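Undergrad: Starting off with a structure, shown below.
The values are calculated or read from the model by the stated rules, or taken from the named source; none is laboratory data. None of the values given here were measured: they were computed from a predicted structure. Methodologically, a virtual Cβ is constructed for each residue, glycine included, from the backbone with ideal geometry; neighbour enumeration extends over all protein chains shown. Please note that ligands, DNA and RNA were not included when accessible areas were found on the heavy atoms of the full protein model with its side chains. Shrake-Rupley method; radii C 1.70, N 1.55, O 1.52, S 1.80 Å.
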Amino acid sequence: MKKVDFDNLILFENEDYLVINKPPYLSSLDDRHEAQNILDLAKTHIPDSQLCHRLDKETSGCLVIAKNPAAYRHLAMQFESRKVNKVYHAVVEGIKEFSDELVDRNLAANNKGIAKISKDGKPAQTIFNTLKTYYAHTLVECKPITGRLHQIRVHLAYLKSPICGDTLYGGNPLYLSSIKRRFNLKKETEELPIMQRVSLHAYSIGFQGLDGTELFVNAPYPKDFKVLVNQLEKTS
């Protein structure tokens, strides 16, 4: 991955917090396979930076960074008391009509970083709403109440609505040839999926600042997610 300009990622900044639009394929924390990660980039901007939460490497969108220890503690308490409002957007397989659909299923993760529903796991709740249906896919709003590993992905798979591209949890890559009529691929060319990752984006986050101000930030779709939605719009 080419060198990331951290300043270009910033969506919001005050004296206590930064909210960035994390690009896909960039780890939140140190990754021995990668030359750069969000925390190291943030520390070049503010030396005392601490990540307040994480996003999976493939997931894009809102990520909050505390600029001082007091700000970190303040937001950590809000996460613990479930007062942080996180909204994700996902493109899933099938036509789904979710209206405040609550999935309340415990999750357990193994040592390989794969989660599954288990009565012996930790409590996990997510609320789902349909934003738009297309010919054979749905754009879904996902509101995680808890913050377990791969929670949204597993809960959507439980609803038989796996996220496009999420092969780990039963999703299939989405190819343009499957949704576009008269699609022609050049000879001896292998077709690639429209989006070469899990179709999940951390769309917004809301929390209380250190001074009591309610903060709310939206993250625009990255290019690949925008291209996917635009292609689906042509099938709706």
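Undergrad: For the stretch 9-115, give me every one of the strands (runs of 3 or more DSSP E) that falls completely inside it and has 1 or more residues that are within 30 Å of residue 135 (Cα to Cα) and open to solvent by 70 Å² or more (accessible area, probe 1.4 Å).
TA: 101-104
Undergrad: Give 205, 194 a once-over and let me know the one that is assigned to a loop (DSSP other than H, G, I, E, B), under 30 Å from residue 142 (Cβ atoms) and of a type in the set (Val, Ile, Thr).
TA: 194
Undergrad: In the list 149, 156, 139, 168, which residue meets the criterion of being under 30 Å from residue 121 (Cα atoms) and assigned to a loop (DSSP other than H, G, I, E, B)?
TA: When all the criteria are applied, what remains is 149.
Undergrad: So, one more: Can you list residue pairs whose Cβ atoms sit under 7 Å apart, with the first residue in the stretch 165-194 being without any contact (Cβ under 8 Å) to a residue 40 or more places away in the chain and open to solvent by 90 Å² or more (accessible area, probe 1.4 Å) and the second being among the aliphatic types (A, V, I, L, M) and not in a loop (DSSP other than H, G, I, E, B)? Count only pairs 6 or more apart in sequence or on different chains.
TA: Close Cβ pairs (under 7 Å, with a partner that is among the aliphatic types (A, V, I, L, M) and not in a loop (DSSP other than H, G, I, E, B)) do not exist here.
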